[in-house]
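Step one of this worksheet: look at the structure below.
Throughout, read-outs are computed from the coordinates displayed, never taken from laboratory work. If you're wondering where the values come from, they're calculated on a predicted model, not measured in any experiment. We place every Cβ from the backbone using ideal geometry, glycine too, and count neighbours over all the protein chains shown.
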Amino acid sequence: MPRNLEYVPYGYEPPKPTTKGTLIFYDLFEQDQVALEQAAAIFEERSFAKLVLYPLHEETVKRMFKEPVSPYYKREKQLQEWIEEHGSSSVVIESFESKRKKYTPIDTALRHLVEKYGSPHFLLLTPEVANVFASFSSFEEWIVKLRLILLSEPQVLHPRLEKFRHRWDVAGAKREEH
């Protein structure tokens, strides 16, 4: 078996990767172009390798938020048009819920996403979705495995979000150095 030899100058160090991890946007995606633009800005600003858009199925929304939402295929089509408009190959729509066609617990969704996409994992959420996520018993198990980025400052903060304040930050807010 032939060996491929590479000659490099003394002291050469390979360049460090400039992109890191996966930004997962877990949301309803109900007519909110501003949130998508904000997600794209965070993706660029923080140099993530991949932006994963995870639209929720109607059954999942019905269980989590108790409110009606447009059909999954319509929201997925809008996301696809947005991706084509922006022309980024690093943005993908995760179709896990479209295959299941039923309620998908956030634990199942996160387990699937963590297995499929490269780490570290950052979960981008609206304040409402973050509060619902924090209300689940498995929140404390997940918050140590991934970091949260909230699109805006929550008006009402769930006690578990307050407890793990060091594991999440608000998009666009300056980080405090301690």
Please tell me which of these pairs span more than 30 angstrom C-alpha to C-alpha: Lys20/Lys163; Lys77/Lys163; Lys77/Lys102; Lys16/Lys102; Lys62/Lys145; Lys50/Lys102?
Lys77/Lys163; Lys16/Lys102
Quick one: dipole size for the range 1-157, taken about the Cα centre, charges +1 on Lys/Arg Cβ and -1 on Asp/Glu Cβ, in debye to the nearest 20.
600 debye
Enumerate the calculated ³J(HN,Hα) couplings along the range 59-76 in order (Karplus 6.51 cos²θ - 1.76 cosθ + 1.60, θ = phi - 60°), each rounded to whole Hz, writing x wherever the residue is Gly or Pro.
5, 5, 4, 4, 6, 7, 10, 6, 9, x, 9, 5, x, 4, 5, 5, 5, 5
Taking placed amide H atoms and a strict 5 Å upper bound, the residues 5 or more places from Leu123 or on another chain that come that close are Ile24, Arg147, Leu148, Ile149
Neighbouring Cβ atoms within 10 Å as the yardstick, rank Thr126, Thr22, Thr108 fewest first.
Thr108, Thr126, Thr22
Given a Förster distance of 41 Å, the FRET efficiency implied by the Cβ-Cβ spacing of Glu84 and Val170, rounded to the nearest 0.05, works out to 0.90
Can you bin the range 113-178 into rounded, prolate or oblate? Criterion: square roots of the alpha carbon gyration tensor eigenvalues sorted a ≥ b ≥ c, rounded for a/c under 1.5, prolate for a/b above b/c, oblate for the rest.
oblate
How far is it, in nm, from the label point at Ala41 to the one at Val144 when both lie 7 Å from their Cα along the line to the Cβ?
3.5 nm
Can you sort Phe65, Phe164, Phe48, Phe25 by how many other beta carbons sit within 10 Å, fewest first?
Phe65, Phe164, Phe48, Phe25
Give me, ordered by chain and number, the residues 5 or more places off Gly21 or on other chains with an amide H under 5 Å from its own placed amide H.
Ala49
Spin-label point model (7 Å from Cα, Cβ direction): what's the Glu6 to Ala49 distance in nm?
1.7 nm
Dipole of the range 26-170 [Lys/Arg +1, Asp/Glu -1 at C-beta], most positive-end residue of Val156, His57, Gln38
His57
Sorted by chain and number, the residues with a modelled amide H under 5 Å from that of Ile93, at a separation of 5 or more or across chains, are Leu53
Which order do His86, His57 fall in if you start with the one that has the fewest other Cβ atoms within 10 Å?
His86, His57
Quote the relative contact order of the chain in percent (integer), defining contacts as alpha-carbon pairs under 8 Å separated by 6+ residues.
22 percent
Consider the candidate values [x] 136; [y] 189; [z] 117; state which one is volume of the Cα convex hull per residue in Å³ computed from the structure displayed.
[y]
Exposed GluC sites (Glu not before Pro) being those in a DSSP loop with at most 14 other Cβ atoms within 10 Å, the longest stretch of the chain free of them is 7-175
The chain: calculated mean residue ellipticity at 222 nm from DSSP helix runs of at least 4, using -39500 (n - 2.57)
-11000 deg cm²/dmol
Work out from phi, with θ = phi - 60° and the Karplus expression 6.51 cos²θ - 1.76 cosθ + 1.60, the ³J(HN,Hα) of each residue of the range 158-167, listed in order in whole Hz, and give x for Gly and Pro.
5, x, 5, 5, 5, 4, 9, 4, 6, 9
